[in-house]
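Below is one structure, written out as structure tokens, with a few remarks after it.
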Amino acid sequence: MKFFVDSADLAAIEELADIGLVDGVTTNPSIIAKSGRDFKEVIAEICKLTDGHVSAEVVATDAEGMIEEGRILRKIANNVCVKLPLTMDGLKACNTLSRENVPTNVTLCFSPNQALLAAKCGASYISPFIGRLDDITLDGMELISDIRLIYDNYGYETEILAASIRNANHVKECALVGADVMTAPPAVIKGLANHVLTDKGLAAFLKDWETTGQSI
Ligand code: G3P
């Protein structure tokens, strides 16, 4: 499963990239606003930290505006992926940009039928939001498994980019279901390594090693 970082925090992305845990990056208008940075500048800098796709989201709501913005964003770097909302205008823009070989990530997906539309419109990635479904007591993971089954039924090549991931359990479940990609905040990715028995076992190893009086 590919790991994308859901952030515009350059230091956090670089820290994970240095460990080999960054296959790509996703941003959205809220993440960009939180960064306080110029949109095109920060996307250009993120694109230098990974060879993988970096999602940059359009803000127009009409298809022609989305297409125009998508072409502008695509010129920033050759690994920019244009992120489009799952509306009829977004699907139309996806179809046009995909025919121009522009990588596309259709976002704000909350139903299997929405994901089916995105695949038919040539999306490179579909971003179903797990956490936001869980937030309203629906089953976010069920959406991922439904999309996996539908895409496999018909051989759609659109990659499932599981998003709105809030915890380690979401990551585990996505890997078990077979999501192609998961995107998560840096803290969630770093937290995947944590286990109390690992800490306890290492402390015991080092305590016993101390008794040998040896060094390597
Ligand atoms: O960036 C898309 C998605 O990951 C947003 O997550 O936590 O704002 O629902 P969240």
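The values are calculated or read from the model by the stated rules, or taken from the named source; none is laboratory data. Computed from a predicted model, the values in this text were never measured in an experiment. Virtual Cβ from ideal backbone geometry, glycine too; neighbours counted across all protein chains shown. Just so you know, the surface numbers come from the protein's heavy atoms only, side chains and all, with ligands and any DNA or RNA stripped out. Shrake-Rupley method; radii C 1.70, N 1.55, O 1.52, S 1.80 Å.
Structure notes:
- When restricted to residues that are assigned to a helix (DSSP H, G or I) and without any contact (Cβ under 8 Å) to a residue 24 or more places away in the chain, segment 38-63 contains 2.
- Considered as a group, the residues in segment 127-145 that are closer than 15 Å to GLY178 by Cβ and touching a Phe, Trp or Tyr at 6+ places or on another chain (Cβ under 9 Å) include one that is nearest to the ligand (Cβ to nearest atom), and that residue is PRO128.
- Cβ-Cβ distances below 8 Å connect the following pairs, each with a first residue in segment 107-129 that is over 13 Å from THR26 (Cα atoms), a second residue that is basic (Lys, Arg), and a separation of six or more residues or different chains: PHE110/ARG132; CYS121/LYS92; GLY122/ARG99.
- The one condition in (1) over 16 Å from PHE129 (Cβ atoms); (2) in contact with a helix residue (DSSP H, G or I) (Cβ under 7 Å, 6 or more places away or on another chain); (3) within 16 Å of the ligand (Cβ to nearest atom); (4) small (Gly, Ala, Ser) that GLY178 fails to fulfil: (3)
Here's the yes/no breakdown for (1) surrounded by 10 or more Cβ atoms within 10 Å (Cβ to Cβ); (2) of a type in the set (Ser, Thr, Tyr); (3) under 24 Å from ILE126 (Cα atoms):
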site: LEU161; (1), (2), (3): yes, no, yes
site: SER164; (1), (2), (3): yes, yes, yes
site: ALA168; (1), (2), (3): yes, no, yes
site: LYS172; (1), (2), (3): yes, no, yes
site: VAL188; (1), (2), (3): yes, no, yes
site: ALA193; (1), (2), (3): yes, no, no
site: ALA203; (1), (2), (3): yes, no, no
site: LYS207; (1), (2), (3): no, no, no
site: THR212; (1), (2), (3): no, yes, no
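- Residue identified as at pLDDT 95 or above and surrounded by fewer than 19 Cβ atoms within 10 Å (Cβ to Cβ) among GLU157, GLU57: GLU157
- Looking across segment 64-82, the residues that are within 16 Å of the ligand (Cβ to nearest atom) and either without any contact (Cβ under 8 Å) to a residue 40 or more places away in the chain or open to solvent by 100 Å² or more (accessible area, probe 1.4 Å) (or both) come down to LEU73, VAL80, VAL82.
- Residue that is least open to solvent (accessible area, probe 1.4 Å), among those in segment 1-28 that are of a type in the set (Val, Ile, Thr) and part of a loop (DSSP other than H, G, I, E, B): THR27
- Of all the residues in segment 32-52, those that are of a type outside the set (Lys, Arg), open to solvent by 30 Å² or more (accessible area, probe 1.4 Å) and within 15 Å of the ligand (Cβ to nearest atom) number 3.
- Listing of helices (runs of 4 or more DSSP H) fully contained in segment 85-138 that carry 2 or more residues being closer than 19 Å to ALA63 by Cα and touching a Cys at 6+ places or on another chain (Cβ under 6 Å): 88-99
- Looking across segment 4-24, the residues that are within 12 Å of PRO185 (Cβ to Cβ) and of a type outside the set (Asp, Glu) come down to PHE4, VAL5, SER7, ALA8, ALA12, ILE13, LEU16.
- Segment 15-31, subset of a type in the set (Val, Ile, Thr) and within 13 Å of the ligand (Cβ to nearest atom), residue farthest from the chain's Cα centre (by Cα): ILE31
- Test: residue in segment 176-185 that is on the phi < 0 side of the Ramachandran plot, assigned to a loop (DSSP other than H, G, I, E, B) and open to solvent by 40 Å² or more (accessible area, probe 1.4 Å): yes
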